[in-house]
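Student: Here it is: the structure, laid out below.
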Amino acid sequence: MTVITKDISLKSMGNCDIIDITPQVGKTVEESGVANGIVTLFTVGSTAGITTIEYEPNLLSDFKNMWDRVIPQNIPYEHNRTWGEGNGHSHVRASVLGASLVIPFVNKRLTLGTWQQIVFVDFDNRPRSRKITIQILGE
């Protein structure tokens, strides 16, 4: 069993910025020397998340609009009273989406569906420098 840990660094714009990280993850798996196993992705921070989606402009718009309906920005959040940063909604959205994702890979290729991409979603209310930890386990 081999375990390899790498990081992806990126700049995000906040406000539900959705970034396709599939190429970086695929390249990391290919270059790892591990043929078969799982890759775990973990976003460092409490105002962003990771999931899969079809990275298509209209669906991305639907996804962003869904967050505005389900967890709106413009309602009171106790967290905002505590810290005054105005990003209470960001923390709630990120906790609902989740900070990690596990994907199997076979023959150094992610087992994603044809229209399935891995995305990082930044819910914070300002641009940020972000880090995603990638851990590869396999043989």
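Values in this text are rule-based calculations from the coordinates and carry no lab data. Keep in mind the model is a prediction, meaning the values are calculated, not measured. Every residue, glycine among them, receives a Cβ derived from its backbone with ideal geometry; neighbour counts consider all protein chains shown.
A quick yes/no check of all residues on (1) small (Gly, Ala, Ser); (2) within 11 Å of residue 47 (Cα to Cα):
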position	(1), (2)
95	yes, yes
104	no, no
110	no, no
119	no, no
125	no, yes
129	yes, no
133	no, no
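Student: In the stretch 1-18, what residues are within 27 Å of residue 36 (Cβ to Cβ) and aliphatic (A, V, I, L, M)?
Tutor: Listed by number, the residues that qualify are 1, 3, 4, 8.
Student: Every residue in the stretch 26-68 that is basic (Lys, Arg) and touching a residue at least 12 places away in the same chain (Cβ under 8 Å), please.
Tutor: 64
Student: For the structure I just gave you, tell me whether residue 79 is in contact with a helix residue (DSSP H, G or I) (Cβ under 8 Å, 6 or more places away or on another chain) and farther than 30 Å from residue 138 by Cα.
Tutor: yes
Student: Something else now. For the stretch 97-122, which residues satisfy the criterion of being within 20 Å of residue 7 (Cα to Cα), surrounded by 14 or more Cβ atoms within 10 Å (Cβ to Cβ) and either out of contact with any Ser or Thr (no Cβ under 8 Å at 6 or more places or on another chain) or of a type outside the set (S, T, N, Q) (or both)?
Tutor: Selection gives 99, 101, 103, 105, 108, 110, 118, 119, 120, 121, 122.
Student: Within the stretch 103-112, how many residues turn out to be in a strand (DSSP E or B) and more than 15 Å from residue 22 (Cβ to Cβ)?
Tutor: 1
Student: List the pairs whose first member sits in the stretch 1-25 and is on the phi < 0 side of the Ramachandran plot, whose second member is among the basic types (Lys, Arg), and whose Cβ atoms are under 6 Å apart, counting only residues at least 6 apart or on separate chains?
Tutor: Taking only residues 6 or more apart or on different chains, the pairs are 7/131; 9/131; 10/130; 12/128; 12/130.
Student: Would you check if there is a residue in the stretch 114-128 being closer than 20 Å to residue 10 by Cα and polar (S, T, N, Q)?
Tutor: Yes, the stretch 114-128 has at least one match.
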